Amino acid sequence: MKIRVLGSAAGGGFPQWNCNCHNCHRLRHNTMNGKARTQSSIAVSTDNKNGIRATGIKAILLIDSQIDHTTGLLMLREGKPLDVYCTEMVKQDLSSGFPIFNMLGDYCTINHHNIPHDGSSFEIPGINDLRLYTQALKSKAPPYSPHRHDPHDGDNIGVIIEQISTGKKVFYSPGLGEIESHVMAAMLAADCIMVDGTFWTDDEMVTQGISHKKAREIGHLPQSGSGGMIEVLNSVPTARKILIHINNTNPILDDDSVQRKQLDAAGIEVAYDGLEIDL
Ligand code: MLT
Ligand code: MN
Ligand code: ZN
């Protein structure tokens, strides 16, 4: 299976258009060793598709209804109907608070397919050799969702994508606020883990004077400190470990930072746009 990182940043992208934080400022002025990044998503395939104005996209799986994870659908409007796989909760948000499903009804149209959030598996017709397992996670529905402060299972999911013929598995979860036991099990079963790399510290946006929001409050487990993502990933012995959905305030975006060296020492990679993974 081939995985290509289409985007590796969090909501604002990197640099963020209106942001002058330490990272955004330095990247814009070419004074930092780092890469620009767009919002997080991955492409997964087991074969190659060709043809003029053909699509290589058989299906789209949404892991939540956040703007950064769904707005890209608008860019696919010229194509044929889009087969979109998401939970009932996500479908509701995208038909009401952010009615992108309704909007696209006047362009390519959306075929919605409901998916489980209890870890059970399914396959997608027309995609050979892949099986998916989707499970509810503790993170956050977007601000416009009726569930922002009233969490429902299925607001956010993680997905294990397995190549049936090889048994290789990737676990993808760009928004992850809490490591429940089923999340740990998914990490232990995976050959490659691509998880929430949003913030280094819980109060990163507060100390940089950017926002009053803390990482955990908005559904993201920070990397450093006790119970943080580094500690979690350290307890997984073998998988390839990659952080994705990295906020522009996060010092790990600086390839020369001490925080980045800490990740290197722990064998944890930082995703970048265009990164290709062969599993
Ligand atoms: C998040 O991951 O918390 C959101 O994408 C934030 C946002 O949309 O600004
Ligand atoms: Mn996000
Ligand atoms: Zn910034």
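The values are calculated or read from the model by the stated rules, or taken from the named source; none is laboratory data. Since this is a predicted model, take the numbers as computed values, not measurements. Neighbour counts are summed over all protein chains in view; Cβ atoms, including those assigned to glycine, are modelled from backbone coordinates with ideal geometry. Note: areas computed on protein heavy atoms with side chains; ligands, DNA, RNA excluded. Shrake-Rupley method; radii C 1.70, N 1.55, O 1.52, S 1.80 Å.
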Note to self: Can you find, among MET187, ASN156, GLY175, the residue sitting farthest towards the positive end of the charge dipole of region 155-212, where Lys and Arg contribute +1 and Asp and Glu -1 at Cβ?
What the structure shows: MET187
Notebook entry, point to check: Under unit Cβ charges (Lys, Arg +1; Asp, Glu -1), what dipole magnitude, rounded to 20 debye, does the chain have relative to its Cα centre?
Noted result: 600 debye
Notebook entry, point to check: Which percent, to the nearest 5, of DSSP beta bridges fully inside the chain are antiparallel?
Noted result: 50 percent
Check: Looking at the square roots a ≥ b ≥ c of the eigenvalues of the Cα gyration tensor of the chain, which shape do they give, rounded for a/c under 1.5, prolate if a/b is larger than b/c, or oblate?
Finding: rounded
Checklist line | For GLN39, distant residues with modelled amide H under 5 Å away | finding: ALA9
Item checked: Stretchable slack from VAL258 to ARG131, in nm (0.36 nm times residue separation minus alpha-carbon distance) -> 41.9 nm
Item checked: Nitroxide proxy distance, nm - points 7 Å out along Cα→Cβ at SER96 and HIS212 -> 2.7 nm
Margin query: With just the Cα atoms defining each centre, how far is region 15-65 from region 112-157? Give it in Å.
Written below: 21 Å
Check: How do PHE98, PHE171 rank by accessible surface area computed with a 1.4 Å probe, from largest to smallest?
Finding: PHE98, PHE171
Notebook entry, point to check: With every protein chain kept in the model, how would you rank ILE164, ILE277 by accessible area, 1.4 Å probe, largest at the top?
Noted result: ILE164, ILE277
Notebook entry, point to check: Measuring with a 1.4 Å probe in the full set of protein chains, what accessible area per residue, in whole Å², belongs to the chain?
Noted result: 47 Å²
Notebook entry, point to check: Using alpha-carbon pairs under 8 Å, 6+ residues apart, how would you state the relative contact order of region 24-182 in percent?
Noted result: 19 percent
Checklist line | Sites ARG28 and ALA266, calculated FRET efficiency, Cβ-Cβ separation with R0 22 Å, nearest 0.05 | finding: 0.15
Note to self: What does the extension gain come out to for ASN20 and SER226, with contour length at 0.36 nm per residue minus their alpha carbon separation?
What the structure shows: 71.2 nm
Checklist line | Leading residue at positive end of dipole, region 1-85 (Cβ point charges), from HIS22, GLY12, GLN39 | finding: HIS22
Next item on the list: Could you pull out the chymotrypsin sites (Phe, Trp or Tyr not before Pro) across region 87-165 that fall in loop regions by DSSP (anything but H, G, I, E, B) with no more than 16 other Cβ atoms inside 10 Å?
Entry: TYR107, TYR144
